[in-house]
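Just below is one structure, and these are the notes that go with it.
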Amino acid sequence: MRLLDCYLAKYHETEVKKVTPDQIDQLAGQIKAIFMFCFTWSIGGTTDLVGRKRFDAWIKERMTKFNVPYPEEKLIYDWQFNVETGEWVSWFDTIPTYEVDTRLSYAEIVVPTEDSIRMKYLMRTLMTNDKHILMPGPTGTGKSVYVSQLTTYGMPEEFMSLVMCFSAQTSANQTQDYLQSNFEKRRKNCWGPPLGKKFIVFIDDLNMPQQEEFFAQPPIELLRQFMDFNGWYDRDDKDKPWLTIVDIILCAAMGPPGGARAQLTQRFQRHFNIIAYTEMSFSAINIIFTTIVEAFFVSFTPEIKNSLSQLVESQLEVYDQVLNGPMKPTP
């Protein structure tokens with residue numbers, strides 16, 4: 001329902017903006033498709049690759065009776081509903097064609113994939129409407145990179161970003177002190193970003209802080225208190241007054257629970273829209289690798305350029321064998 005709210009926000013009337021009957025008619029014709037898109041990326045957005053295929057089959061089986069057909073080819077996750085045209089479009093059709101900037105170093109090249117395009121779109125849609133986001137997923141799927149790109153170049157100018165990286169040693173006091181040092185006083189006992197701005201607070205490795213004796217994670221309990229009650233107590237004042245915190249959006253990334261990473265409490269999770277990052281598919285790896293290799297070999301002879309697809313294919317085959325073969329990673 002939070003994601004659906006983002007699409008309905010432009011239909012809220014204000015003193016200066018009125019909604020016309022034509023706009024309402026257009027919404028009425030699209031509401032089923034918008035709902036299905038939101039359903040896919042909220043309830044269906046919490047699963048892994050295998051789960052997505054099962055969810056796709058489950059949805060398509062039921063959608064025929066509601067007369068909201070998703071395009072048959074590919075998965076339901078591979079389509080965006082364009083509210084301007086009223087059509088389903090492929091994610092790649094929503095961005096300009098990417099060309100590698102040869103002046104960048106290898107580590108700076110970030111090739112768009114379906115995953116990165118849709119994740120940025122969903123993050124922007126939710127955060128511009130003041131919704132908190134939690135992104136669980138394996139290491140190396142680009143969570144931090146995509147958030148950094150989006151908050152640096154892709155958000156409206158009223159949004160500012162703060163970055164925190166949690167570790168096993170992070171304490172609640174450190175978290176509060178860091179955040180409060182970046183806030184400005186709005187009025188008595190009310191703090192937040194500079195007037196007219198909003199802070200996106202990105203927290204990496206959210207579930208890393210060590211659990212205390214009774215299994216709580218103090219930094220997370222502090223954030224939960226903020227999300228439950230819009231503030232926390234001022235530790236620096238002897239009277240410990242309540243401080244109201246305004247205009248803050250939390251965006252967090254975490255690895256799957258296990259090892260040093262703890263399971264987050266449901267009390268905390270309920271405040272977020274959860275969008276799971278899945279393991280990178282071979283088609284995505286192929287796109288990234290092919291784009292970079294083609295840019296590097298652009299001035300080589302036609303014989304070499306014509307063999308690039310075989311080069312990429314053979315590299316991926318070796319990678320797949322190492323990944324799934326007998327050579328398991330050592331602890």
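The values are calculated or read from the model by the stated rules, or taken from the named source; none is laboratory data. Please read all numbers here as calculations on a predicted model, not as lab measurements. Glycine also receives a Cβ, built like all others from the backbone with ideal geometry; neighbour counts cover every protein chain displayed.
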Index of the failed condition, residue 137 passing every other in (1) free of Cβ contacts under 8 Å to residues at least 40 places away in the same chain; (2) in the same structural domain as residue 268 (by TED's automatic domain parsing): (1)
Filter the stretch 87-118 down to residues that are of a type in the set (Val, Ile, Thr), in contact (Cβ under 8 Å) with a residue 60 or more places away in the chain and either within 20 Å of residue 76 (Cβ to Cβ) or assigned to a helix (DSSP H, G or I) (or both), then give me how many there are. 1
Need pairs with beta-carbon distance below 9 Å; first residue on the phi > 0 side of the Ramachandran plot and within the stretch 49-72, second surrounded by 11 or more Cβ atoms within 10 Å (Cβ to Cβ) and not small (Gly, Ala, Ser); sequence gap 6+ or separate chains. 67/32
May I ask you to list pairs of residues, at least six apart or on different chains, whose Cβ atoms are under 6 Å apart, with the first in the stretch 308-331 being at pLDDT 90 or above and the second being of a type in the set (S, T, N, Q)? 312/290
Tally of residues being free of Cβ contacts under 8 Å to residues at least 24 places away in the same chain and not in a loop (DSSP other than H, G, I, E, B) across the stretch 263-282: 1
Just to confirm my filter: which strands (runs of 3 or more DSSP E) fall fully inside the stretch 119-222 and include at least 1 residues that are closer than 30 Å to residue 79 by Cβ? 132-136, 159-165, 198-204
Considering only the stretch 6-19, I want to know if a residue exists there that is under 19 Å from the mean Cα position of the chain (by Cα) and in a helix (DSSP H, G or I). yes
Filter result for the condition that a residue is part of a loop (DSSP other than H, G, I, E, B), basic (Lys, Arg) and at pLDDT below 90, over 60, 74, 65: 74
The correct count of residues that are polar (S, T, N, Q) and over 15 Å from residue 86 (Cα atoms) in the stretch 6-30 is 2
